[in-house]
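Engineer: Could you have a look at this structure, given as structure tokens, before my questions?
The values are calculated or read from the model by the stated rules, or taken from the named source; none is laboratory data. Quick caveat: nothing in here was measured; it's all calculated off a predicted structure. Here the Cβ positions follow ideal geometry from the backbone for every residue, glycine too, while neighbour counts run over all protein chains shown.
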Amino acid sequence: MLFGLKHVATYLLLGNNSISHFDNVYLNLFQGDITKWKGGALVNAANEQCLGGGGVDGAVHKASGPKLKEFCNKLPIVKTYERGGYLTNVRCPTGDAKITLPGDLSNQIDYIIHTVGPIYVNDEISAPILESSYISSLERGEEKNITSIAFPAVSCGIYGYPTEKASLIAIGSVQKFFQNKDESIANMPPPTESLDSSCTYNYRSNYKNIDFVLYTKGTVDAWGKAADYLKLQKLDTDQFHED
């Protein structure tokens, strides 16, 4: 057990020359309550208002206390629309991610990242938005130089995303995030007097652990099958989360 969560598996996401510009990055699967996790940033499956809701969103707001709602209220409103005769203030558009302080969870984590996944319509419409939710969350965390991040199963549950499809997008999005960064490093101009090799540091990531904290065994199993399908190297070790 780690953080009171059941550790299910660890995979080598990057490293051992799998992508040349990065040190080892691990993908860890846990089963349990994501609000028990400890690390850099916890990702909340939010709605566009960012003021709390059901499922993971409700659990995160409950665990973080009223301070979190105060922090979320300070996020800029990017647009307003009418639904059912009521005005809805959008602080985080679907597919985007915003970051706040963690409220009462400050003894466990440094930040909460709020992302809004899509309500499932079909693969063509919904998959790119779900991918954007994951990548945007990783970008927000990277901006704060965190080394670990925990995701729930974004858009599963009441948003209706099929678990098997969501698992492939979740892990595939994490892979794509690092692959895009690696390509950026590879395509940098050669060092000159005004641009030395240390500039590649700005393209690197501090991430060491990408965690998925999933509530049910069925969801964990789907993520494990996705990791196997995407040919991640499963590690026979409990040595992880050095941070």
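Engineer: Can you name every residue in segment 114-153 that is of a type in the set (Lys, Arg) and crowded, with 17+ Cβ neighbours inside 10 Å?
Structural biologist: Arg140
Engineer: Can we say His61 is outside any strand (DSSP E or B) and either surrounded by fewer than 18 Cβ atoms within 10 Å (Cβ to Cβ) or modelled with pLDDT of 95 or more (or both)?
Structural biologist: So His61 passes the test.
Engineer: Since Ser198 meets every condition but one in (1) at pLDDT below 95; (2) under 25 Å from Asp96 (Cβ atoms); (3) surrounded by fewer than 20 Cβ atoms within 10 Å (Cβ to Cβ); (4) not β-branched (Val, Ile, Thr), which condition does it not meet?
Structural biologist: Here Ser198 clears every test but (2).
Engineer: Oh, and also: So in segment 1-46, with the set limited to residues that are at pLDDT 70 or above and assigned to a loop (DSSP other than H, G, I, E, B), which one is nearest to Tyr207 (Cα to Cα)?
Structural biologist: Asn24
Engineer: Separate question: Under 18 Å from Ala9 (Cβ atoms), assigned to a helix (DSSP H, G or I) and either in contact with a Cys (Cβ under 7 Å, 6 or more places away or on another chain) or free of Cβ contacts under 8 Å to residues at least 12 places away in the same chain (or both) - does that describe any residue in segment 165-177?
Structural biologist: Checked segment 165-177: at least one residue is under 18 Å from Ala9 (Cβ atoms), assigned to a helix (DSSP H, G or I) and either in contact with a Cys (Cβ under 7 Å, 6 or more places away or on another chain) or free of Cβ contacts under 8 Å to residues at least 12 places away in the same chain (or both).
Engineer: If Lys79 passes every condition in (1) closer than 30 Å to Ala127 by Cβ; (2) surrounded by 12 or more Cβ atoms within 10 Å (Cβ to Cβ) but one, which one does it miss?
Structural biologist: With respect to (1) closer than 30 Å to Ala127 by Cβ; (2) surrounded by 12 or more Cβ atoms within 10 Å (Cβ to Cβ), Lys79 is out only on (2).
Engineer: Here's a follow-up. Only residues in segment 1-21 that are among the charged types (D, E, K, R) count as the first member; pair them with residues that are modelled with pLDDT of 70 or more, Cβ under 9 angstrom, at least 6 apart or cross-chain, and list the lot.
Structural biologist: Cβ pairs passing all conditions: Lys6/Phe30; Lys6/Gln31; Lys6/Gly32; Lys6/Val220.
Engineer: I need a count of the residues in segment 44-72 that are within 17 Å of Ile149 (Cβ to Cβ), in contact with a strand residue (DSSP E or B) (Cβ under 6 Å, 6 or more places away or on another chain) and hydrophobic (A, V, I, L, M, F, W, C).
Structural biologist: Number satisfying all stated conditions: 3.
Engineer: Moving on to the next point. Working only within segment 80-111, note down all residues that are part of a strand (DSSP E or B) and either touching a helix residue (DSSP H, G or I) at 6+ places or on another chain (Cβ under 8 Å) or closer than 10 Å to Cys50 by Cα (or both).
Structural biologist: Those that are part of a strand (DSSP E or B) and either touching a helix residue (DSSP H, G or I) at 6+ places or on another chain (Cβ under 8 Å) or closer than 10 Å to Cys50 by Cα (or both): Asn89, Val90, Ala97, Lys98, Ile99, Thr100, Tyr111.
Engineer: Considering only segment 151-159, I want to know if a residue exists there that is touching a helix residue (DSSP H, G or I) at 6+ places or on another chain (Cβ under 8 Å), more than 22 Å from Asn28 (Cβ to Cβ) and not in a loop (DSSP other than H, G, I, E, B).
Structural biologist: Among the residues of segment 151-159, at least one is touching a helix residue (DSSP H, G or I) at 6+ places or on another chain (Cβ under 8 Å), more than 22 Å from Asn28 (Cβ to Cβ) and not in a loop (DSSP other than H, G, I, E, B), which makes the answer yes.
Engineer: Checking Asn47 against (1) crowded, with 19+ Cβ neighbours inside 10 Å; (2) in contact with an Asp or Glu (Cβ under 6 Å, 6 or more places away or on another chain), only one condition comes out false. Which one?
Structural biologist: Unmet condition: (2).
Engineer: With respect to the numbered conditions (1) part of a helix (DSSP H, G or I); (2) farther than 21 Å from Ala150 by Cα; (3) among the hydrophobic types (A, V, I, L, M, F, W, C), which one is the sole condition not fulfilled by Ile77?
Structural biologist: Failing condition for Ile77: (1).
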